[in-house]
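A.B. asks: This is the structure I have questions about; it appears just below.
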Amino acid sequence: MIESSLKKMAAALAAKQISSVELTQLYLDRIAAHNPEINAYITVDADKSLAQARAADARLAKGDFSPLTGIPIAQKDIFCAQGWRTTCGSKMLDNFVSPYDATVIERFNAAGAINLGKTNMDEFAMGSSNETSYYGGVKNPWDRNRVPGGSSGGSAAAVAARLAPAATGTDTGGSIRQPAALCNLTGLKPTYGVVSRYGMIAFASSLDQGGPMARSAEDCALLLNTMAGFDPRDSTSLDRPAEDYARDLDKPLAGLRIGLPKEFFGDGCEPGVMAAVQAAIAEYKKLGAETVDISLPNSHLSVPAYYVIAPAEASSNLSRFDGVRYGYRAPDYSDLNDMYSKTRAQGFGAEVKRRILIGTYVLSHGYYDAYYLQAQRIRRMIADDFVAAFRQCDVILSPTSPCTAFKTGEKAADPVQMYLSDIYTIAVNLAGLPGMSIPCGFADSLPVGLQLIGNYFDEARLLNVAHRYQQATDWHRRAPQL
Amino acid sequence: MSLSLEQVHRIAHLARIAVSDAEAQSTLGQLNDILGLIEQMQAVDTAGVEPMAHAQDLSQRLRDDAVSEADRRADYQAISPDVEAGLFLVPKVIE
């Protein structure tokens, strides 16, 4: 059952071949056996999950169900879930039991999905290796000496190790796609504004977007159908007609124009990663697609612009953690300022503090124009490059990450090296475009991810392009030995 | 452009994060590495380019001026570090 697609799981549930309680228990048992080593979950609450499973079984018995009813889903611990501890990977929220549901959680609950637990992540989603979590790093199930990527590293490791059939992630600069690449998963970051950010703890509000992480494009389409939709409680949610993201999965790829940005095929990418990506391009040609050479001339500026914009927004968003209304408060202090300063010094980890300091600096008097406005102008240039590129092609293809999973500790001491792990993914967030990562092979026994970037609101086409490749290859079906 | 130790203390104060001299010293190098990365932007000619604050060029949506949330003050205060009589407590600010 654990290798079945979500569609097959749903069919088995509908046919009463297995109950949701049995399916949920199967995963809870796997979590109990393997999570102590993998550390993919921060919080598991079997009683809560099984109560939801019983309710799902009642719905299934009555014939009142949707495609996800009874299916357990791991939730990144950035999504507030009522009655569940929601930590965002931080000591600051170690004691925070959310009094409300994020819209994404609410939508899964309404669909009858089971919350299987809250997954580990880089603290406040700031990291590319899951090493900044207050709850310790996550081990990559493909090689336990290596990182799973980040920030959605717990979700990636959970699905890769089959400790969940599917999971949610969030992506501010690559946090769905890069861990999906490093753990051999399919992950999708939708167009900005498609998935509600309400109750999704904010990092950089103009870039943050939630999305699915699963074992296939078909599963991702099913999950996105539940996650996406207008939400009046998110002021940047887009009011668009609902769509079936699975509608085009089987469309033939004949005539598809795949853009290959020359800037993403130069130096700086591991040869094993590039070889797998080139093989994928050859496969796409066999499927009838043609390739077009394109250029994203300002893409080398995406990492610098991102490390102004994201910290600036983070420094503002994270000012809410002050020890007054919820979360951690320092035990000893002399006055109000001392309380704030000690609470934040003790509650935040080193990477979060670095980003708050950078953000505070670039927004401070005398530096705002030189850094923040300059970064926003460059952001426009990067977005315009994509607009021009999509006049020549239908989708853009590149490696997801310049390297396979790196060793734990390898980049932890050098923030700039860590930031460059996201060199191919960040521009997509700055532009607000949808992007995916799909498995496309192995280099030295480690998974390689292929990035597909779509035009605005072209998720259905991206899923189609990913699905057809997955019908012709079996990389996405490979699972690590536990 | 690189930061001095004094500037790190000043920024940390603005951000309300207590830092010891030793922490400020060890952070200084990493912050300057990050600023070095950011510095590449300064050479770019962006004259006439409109700053892009957001992925979608939309204006803020307005909602009806009507009560939309239930009163859940007790639930929200139950998770506070310190409350009394419906109020969040902080150290005395005004003598």
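A.B. asks: Calculate how steeply helix B:5-14 sits against the longest principal axis of the alpha-carbon atoms of chain B, using the helix alpha-carbon long axis, and give the answer as 0 to 90 degrees to the nearest 10.
C.D. replies: 20 degrees
A.B. asks: Within 10 Å of each Cβ in peptide A:365-378, how many partner chain Cβ atoms are there on average? Round it to a whole number, please.
C.D. replies: Working: counts 1, 0, 1, 0, 1, 4, 6, 2, 4, 7, 5, 7, 10, 7.
Rounded to a whole number, the mean comes out at 4.
A.B. asks: Now a separate question. 7 Å from Cα along Cα→Cβ at both residue A:1 and residue A:445: what's the point-to-point distance in nm?
C.D. replies: Output for this residue pair reads 3.1 nm.
A.B. asks: Share of antiparallel DSSP beta bridges in the protein assembly as shown, in percent to the nearest 5? Please report the intermediate quantities before stating the final value.
C.D. replies: On the way: 31 of 44 bridges.
Given both bridge residues lie in the protein assembly as shown, the antiparallel proportion sits at roughly 70 percent.
A.B. asks: Mind checking which aspartates and glutamates have their C-alpha under 20 Å from residue A:342, skipping anything on the same chain fewer than 8 residues away?
C.D. replies: A:94, A:123, A:322, A:332, A:351, B:6, B:21, B:23, B:82
A.B. asks: OK, next. Using a 10 Å cut-off on Cβ to Cβ distances, tally the other chain neighbours for every residue of A:99-108 and report the average as a whole number. Before the final figure, lay out the partial values.
C.D. replies: On the way: counts 7, 4, 0, 0, 0, 0, 0, 0, 0, 0.
Average per residue, whole number: 1.
A.B. asks: Just to confirm the number: angle between the C-alpha axis of helix B:21-38 and the first principal axis of chain B, 0 to 90 degrees, nearest 10?
C.D. replies: Between helix and principal axis, roughly 70 degrees.
A.B. asks: Taking 0.36 nm per residue of sequence separation and subtracting the Cα-Cα distance, how much length would be gained by fully extending the chain between residue A:479 and residue A:240, in nm to one decimal?
C.D. replies: Working: separation 239, 0.36 × 239 = 86.04 nm, distance 3.70 nm.
So the chain would gain 82.3 nm between residue A:479 and residue A:240.
A.B. asks: To continue, here is another question. Straight-line reach only, C-alpha to C-alpha below 18 angstrom: list the lysines that residue A:139 could link to, leaving out same-chain residues fewer than 8 apart.
C.D. replies: A:76, A:118, A:407, A:411
A.B. asks: Right, next: Only four residue types carry charge here, +1 at the Cβ of Lys and Arg and -1 at the Cβ of Asp and Glu. Report the dipole size of the range A:348-482 about the Cα centre in Debye, rounded to the nearest 20.
C.D. replies: Working: 13 positive and 12 negative charges, 32 e Å.
Charge dipole, the range A:348-482, about its Cα centre: 160 debye, nearest 20.
A.B. asks: With Kirkwood's inverse mean 1/r over C-alpha pairs for Rh, give me the Rg to Rh ratio of chain A, two decimals please. Before the final figure, lay out each step's value.
C.D. replies: Values: Rg = 21.1 Å, Rh = 22.1 Å.
Using Cα coordinates only, the ratio equals 0.95.
A.B. asks: In addition: Counting each DSSP H run of 4 or more residues in the protein assembly as shown as -39500 (n - 2.57), what helix-only mean residue ellipticity at 222 nm follows after dividing by all residues, to the nearest 500 deg cm²/dmol?
C.D. replies: The per-residue figure over the protein assembly as shown is -11500 deg cm²/dmol.
A.B. asks: Can you tell me what share of the DSSP beta bridges in the range A:159-305 is antiparallel? A percent to the nearest 5 is fine. Before the final figure, lay out each step's value.
C.D. replies: Working: 8 of 13 bridges.
Close to 60 percent.
A.B. asks: Points 7 angstrom from Cα along the Cβ direction at residue B:42 and residue B:65: gap in nanometres?
C.D. replies: It is 4.8 nm.
A.B. asks: For the protein assembly as shown, what is the charge dipole size about the Cα centre, in debye to the nearest 20, if Lys and Arg each add +1 at the Cβ and Asp and Glu each add -1 at the Cβ? Before the final figure, lay out the partial values.
C.D. replies: Details: 54 positive and 66 negative charges, 238 e Å.
So the dipole magnitude of the protein assembly as shown works out to roughly 1140 debye.
A.B. asks: May I ask you to order A:456-462, A:232-238, A:176-182 by the average number of other C-beta atoms within 10 Å around their residues, highest value first?
C.D. replies: Working: A:456-462: 21.1, A:232-238: 17.6, A:176-182: 35.0.
Output ranking for A:456-462, A:232-238, A:176-182: A:176-182, A:456-462, A:232-238.
A.B. asks: Note down the nm distance, to one decimal, between modelled labels 7 Å out along Cα→Cβ at residue A:145 and at residue A:82.
C.D. replies: Result: 4.8 nm between the two label points.
A.B. asks: Still on this model: Using a 10 Å cut-off on Cβ to Cβ distances, tally the other chain neighbours for every residue of B:53-60 and report the average as a whole number. Working shown, then result.
C.D. replies: Numbers: counts 8, 9, 16, 8, 1, 5, 0, 2.
Average per residue, whole number: 6.
A.B. asks: Here is a follow-up. Nearest 20 debye, what's the magnitude of the dipole of the range A:1-142 about its Cα centre given +1 on Lys and Arg Cβ and -1 on Asp and Glu Cβ? Working shown, then result.
C.D. replies: Details: 14 positive and 15 negative charges, 86 e Å.
Dipole magnitude for the range A:1-142 comes out near 420 debye.
A.B. asks: Taking the Cα centre of the range A:1-71 as the origin and placing charges on Cβ (Lys, Arg +1; Asp, Glu -1), which of A:13, A:28, A:51 is farthest toward the positive end of the dipole?
C.D. replies: Farthest towards the positive pole: A:13.
A.B. asks: Would you work out which of A:316, A:279, A:356 lies farthest towards the positive end of the dipole of chain A? Charges go on Cβ: Lys and Arg +1, Asp and Glu -1.
C.D. replies: A:279
A.B. asks: Got a sec? Charge dipole of the protein assembly as shown, +1 on Cβ for Lys and Arg, -1 for Asp and Glu; which of A:466, A:455, B:79 is way out at the positive end?
C.D. replies: A:466
A.B. asks: The range A:392-413 to the range B:2-48: how many Å between their Cα centroids?
C.D. replies: With the range A:392-413 and the range B:2-48 each reduced to a Cα centre, they are spaced 27 Å.
A.B. asks: Multiply the residue gap between residue A:373 and residue A:59 by 0.36 nm, knock off their C-alpha separation, and tell me the result in nm, one decimal place.
C.D. replies: Numbers: separation 314, 0.36 × 314 = 113.04 nm, distance 5.26 nm.
Going from the current span to full extension adds 107.8 nm.
A.B. asks: Could you grab the relative contact order for chain A? Cα pairs under 8 Å, six or more apart, rounded to a whole percent.
C.D. replies: Details: 1161 pairs, mean separation 86.3, N = 482.
About 18 percent, as a whole number.
A.B. asks: Taking the full set of protein chains and a 1.4 angstrom probe, give the accessible area of residue A:320 in square angstrom, rounded to the nearest 10.
C.D. replies: Here the accessible area works out near 100 Å².
A.B. asks: In Å² (nearest 100), what accessible area is buried between B and A, both sides summed, heavy protein atoms only, 1.4 Å probe?
C.D. replies: Numbers: alone 9340 and 17570 Å², together 21680 Å².
About 5200 Å² of accessible surface is lost on pairing.
A.B. asks: Give me the accessible area per residue for the range A:264-357, probe 1.4 Å, as a whole number in Å².
C.D. replies: Values: 3510 Å² over 94 residues.
Using a 1.4 Å probe on heavy atoms only, each residue of the range A:264-357 averages 37 Å².
The values are calculated or read from the model by the stated rules, or taken from the named source; none is laboratory data. Quick caveat: nothing in here was measured; it's all calculated off a predicted structure. For neighbour counting, all protein chains shown are included, and Cβ atoms are generated from backbone atoms with ideal geometry for every residue, glycine included. For the accessible areas, the whole protein counts, side chains as well, though only heavy atoms, and no ligand, DNA or RNA atoms are used. Shrake-Rupley method; radii C 1.70, N 1.55, O 1.52, S 1.80 Å.
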